[in-house]
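> Got a structure for you, questions after.
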Amino acid sequence: MVFTSSEELERILMDLWGRIKSDPSMSGELVRSKLIVQFRYREPEGCLTVDGSDGQELKLVWGQYDKKPTIEMSMKADVAHEFWMGRVSVPVAVLTGKMVSKGPTPKALALLPVIRPAFNIYPEVLKQAGKEALLASG
Amino acid sequence: MLPFTFHAPTRILFGEHTAGSIADVVKEFGGKKSFIVTDANLFKAGVVAPIIESLEAAGLGRTAIFDQVPPDSDIRCVNSAVAMAAEGGCDNIVAVGGGSVIDTAKVVNICLTYGGDMLDYQGLNNLPSKLSPLVCVPTTAGTGSEVSLVAMIKDAEERKKLLFGSRFLAPDAAILDPCLVVGLPPRLTAATGFDALTHSLEALAAVSTSSVISDALALEAAKLIFEHLPAATADGADLEARSHTLVASTMAGLAFTNAGVGIVHAMAHATGARFGTHHGMTNAVYLPYGLEFNLSAVPDKYALAARFLGISRSADDERAAMDLVDGVRKLMQRCHLPSRLREIGVPDIAEGELAELAEAAVTDPAIMFNPREATVEDIGGIFKGAF
Ligand SMILES: NC(=O)c1ccc[n+]([C@@H]2O[C@H](COP(=O)([O-])OP(=O)(O)OC[C@H]3O[C@@H](n4cnc5c(N)ncnc54)[C@H](O)[C@@H]3O)[C@@H](O)[C@H]2O)c1
Ligand SMILES: [Fe+2]
């Protein structure tokens, strides 16, 4: 397992999404989409909701969330790590069942190019969290 | 070699008149009361008769027959079929028809097995467990839905299609009986054949997900279609031609459901959702353009196909790939298929509407498997070219 605990997963992903939120080129698109996207992780457990539904501000909520998401994406936390490292082929992950998407698939796919710039931010987030060893592991 | 997964869980039975022994297959999967899903044309034409006979003789029905599936089935159709199946206490489904019927049966099975709203199950890999037994008898040689892991149902209000994709969606058995395809009119024979050809050529080009297994199926399927589709189109009663194209469409189905499709399907989905054009016909019109668009990304794959099909002798990949595009255009002509969107009922659209259509195509799930990234502008260009 890449992340040793749910707390660590939370710290790293909330940091990453906080940076996505403060970059208008990414958060602007997410807010314009008005989508509520929920990421559900296992090994370790975690749940992150990215809510742009009010069209104003991107809300980031870890854990329980009361609004029904438009799209739910479920995967192992390791797959999420590989994804942010830019190493996951989404079509392969879909065909092998590593990624589960619930809801309108085209809307989920439309977000991919929007968040792609965050691939460059993720290594910095890992360094901040003292996990730079993960960067070396190929 | 790169790692890959290949799913082929459907038992495939081929033979003239095999549909007449469908009851044996249903029984093996534990079915006791069958729910038959079909469409009104097929029912009236007597295509479903041998299936009903077999099930009745074995004491498995006639519990319920839903024959109201329209081309490009929608949410409402699924809901009324589910109500009927539930009322009849059916525990297995038999689908007899083209892709519209089979996709309907798949989504009916989701609702029947799990209960609740179908919208909760749309998405990818989003089904929790095995479904009730489903046996499919295709009456078109095209979609490959009888072995595929996907189903699409129209949301008529939103003018888009809901996508369901899961390994649990693969039917338990596919019964390929060429006798049931005999009545398919020439235009639909050609169009559905081109759906299968598109599956095969797009699966071959889906380089990030294809495998040697999917490639082998795709190539052989394309070859069978090139060799037999003109005859099946010219003479629907030619059982040899019907047999080869039917098996080819199932092979192409296995190829694409494991490797994915591409830009041609993405554009056909967007166009079909908007203008109600037939899926195979729309694929046919876009296919040469899609091949041209991808040519620079996968000349080796297209060259491989062109040489395997015997339509190119060039040692140069690009030249051979261009021969493939030519060969596809010639095959369209031999099958009397239209080559322009306007001939299949697509109106000339304004820039704004074109942008919407292109947006739908670039976010269509099919496009993620395409070997070359396509922008909204690229799609717009192809649309204008094909118009
Ligand atoms: N799930 C998948 O893997 C998959 C793949 C490709 C396409 N599709 C879907 O399949 C649908 C298209 O299916 P299709 O091309 O098979 O056409 P179809 O099922 O819509 O049928 C088209 C017409 O042909 C008639 N017909 C069918 N078989 C006949 C026969 N033997 N004799 C006389 N008439 C016959 C039908 O009554 C209908 O009017 C689309 O909705 C498409 O989205 C699904
Ligand atoms: Fe298709």
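The values are calculated or read from the model by the stated rules, or taken from the named source; none is laboratory data. The model shown is predicted, which means the values in this text are computed figures rather than measured ones. So basically every Cβ, Gly included, is an ideal-geometry build from the backbone, and we count neighbours across all protein chains shown.
> Every residue in region B:110-133 that is closer than 19 Å to B:VAL147 by Cβ and in a loop (DSSP other than H, G, I, E, B), please.
Scanning region B:110-133 gives B:ASN125, B:LEU127, B:LYS130, B:LEU131, B:SER132, B:PRO133.
For (1) in contact with a Gly (Cβ under 7 Å, 6 or more places away or on another chain); (2) part of a loop (DSSP other than H, G, I, E, B); (3) buried (at least 20 other Cβ atoms within 10 Å of the Cβ), each residue gets a yes or a no:
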site	(1), (2), (3)
A:LYS67	no, yes, no
A:MET73	no, no, yes
A:GLY86	no, yes, no
A:PRO91	yes, no, no
A:LYS107	no, no, no
A:LEU112	no, no, no
A:PRO117	no, no, no
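> May I ask you to say which residue of B:ALA248, B:ALA232 is crowded, with 24+ Cβ neighbours inside 10 Å, within 14 Å of ligand 2 (Cβ to nearest atom) and within 24 Å of B:PRO50 (Cα to Cα)?
B:ALA248
> Hey, could you check region A:74-94 for residues that are out of contact with any helix residue (DSSP H, G or I) (no Cβ under 7 Å at 6 or more places or on another chain) and at the interface with another protein chain (Cβ under 9 Å from one of its Cβ atoms) and say which is farthest from B:LEU162 (Cα to Cα)?
Here the residue is A:SER89.
> Give the residues of region B:373-387 that are touching a residue at least 40 places away in the same chain (Cβ under 8 Å) and surrounded by fewer than 16 Cβ atoms within 10 Å (Cβ to Cβ), sorted by residue number.
B:GLY385, B:PHE387
> Follow-up. For region B:132-157, which positions are in contact with a Phe, Trp or Tyr (Cβ under 9 Å, 6 or more places away or on another chain), under 21 Å from B:ARG76 (Cα atoms) and near ligand 1 (Cβ under 10 Å from one of its atoms)?
Correct list: B:VAL150, B:ALA151, B:MET152, B:ILE153.
> Just to be sure, is B:GLY46 outside the structural domain of B:ALA273 (by TED's automatic domain parsing), more than 16 Å from ligand 1 (Cβ to nearest atom) and assigned to a loop (DSSP other than H, G, I, E, B)?
No; evaluated as a whole, the condition is false for this residue.
> Report, ordered by the first and then the second residue, all pairs with beta carbons closer than 6 Å, sequence separation of six or more or different chains, a first member in region B:349-370 that is in contact (Cβ under 8 Å) with a residue 40 or more places away in the chain and within 13 Å of B:TYR286 (Cβ to Cβ), and a second member that is part of a loop (DSSP other than H, G, I, E, B) and among the β-branched types (Val, Ile, Thr).
Within 6 Å, the pairs are B:ALA366/B:VAL261.
> Looking at (1) away from ligand 1 (no atom under 16 Å from the Cβ); (2) crowded, with 21+ Cβ neighbours inside 10 Å, which one does B:MET281 not meet, given that it meets all the others?
B:MET281 satisfies every listed condition except (1).
> Quick check on B:VAL78: is it in contact (Cβ under 8 Å) with a residue 12 or more places away in the chain, assigned by TED's automatic domain parsing to the domain that holds B:GLU157 and in a strand (DSSP E or B)?
no
> Something else now. Checking B:LEU304 against (1) in contact with a helix residue (DSSP H, G or I) (Cβ under 7 Å, 6 or more places away or on another chain); (2) more than 11 Å from ligand 1 (Cβ to nearest atom); (3) more than 21 Å from B:GLU373 (Cα to Cα); (4) among the aliphatic types (A, V, I, L, M), which single condition isn't satisfied?
Here B:LEU304 clears every test but (1).
> With respect to B:ALA83, is the statement that it is assigned by TED's automatic domain parsing to the domain that holds B:VAL108, surrounded by fewer than 17 Cβ atoms within 10 Å (Cβ to Cβ) and hydrophobic (A, V, I, L, M, F, W, C) true?
Here the answer is yes, as B:ALA83 does meet what is asked.
> Select, from B:VAL285, B:VAL346, B:VAL325, the only residue that is in contact (Cβ under 8 Å) with a residue 40 or more places away in the chain, of a type in the set (Val, Ile, Thr), assigned by TED's automatic domain parsing to the domain that holds B:ASP235 and farther than 25 Å from B:SER145 by Cα.
So the residue among B:VAL285, B:VAL346, B:VAL325 that is in contact (Cβ under 8 Å) with a residue 40 or more places away in the chain, of a type in the set (Val, Ile, Thr), assigned by TED's automatic domain parsing to the domain that holds B:ASP235 and farther than 25 Å from B:SER145 by Cα is B:VAL346.
> Looking at region B:88-119, which of its residues are surrounded by fewer than 21 Cβ atoms within 10 Å (Cβ to Cβ) and at positive phi?
Correct list: B:GLY89, B:GLY115, B:GLY116.
A quick yes/no check of all residues on (1) more than 14 Å from ligand 2 (Cβ to nearest atom); (2) within 14 Å of another protein chain (Cβ to nearest Cβ); (3) part of a strand (DSSP E or B); (4) buried (at least 24 other Cβ atoms within 10 Å of the Cβ):
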{"position": "B:VAL135", "(1), (2), (3), (4)": "yes, no, yes, yes"}
{"position": "B:THR143", "(1), (2), (3), (4)": "no, no, no, yes"}
{"position": "B:MET152", "(1), (2), (3), (4)": "no, yes, yes, yes"}
{"position": "B:PHE168", "(1), (2), (3), (4)": "yes, yes, no, no"}
{"position": "B:GLY193", "(1), (2), (3), (4)": "no, no, no, yes"}
{"position": "B:LEU201", "(1), (2), (3), (4)": "no, no, no, yes"}
{"position": "B:ASP215", "(1), (2), (3), (4)": "yes, no, no, no"}
{"position": "B:LEU219", "(1), (2), (3), (4)": "yes, no, no, no"}
{"position": "B:LYS223", "(1), (2), (3), (4)": "yes, no, no, no"}
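> What number of residues within region B:179-191 are surrounded by fewer than 24 Cβ atoms within 10 Å (Cβ to Cβ) and not in a loop (DSSP other than H, G, I, E, B)?
4
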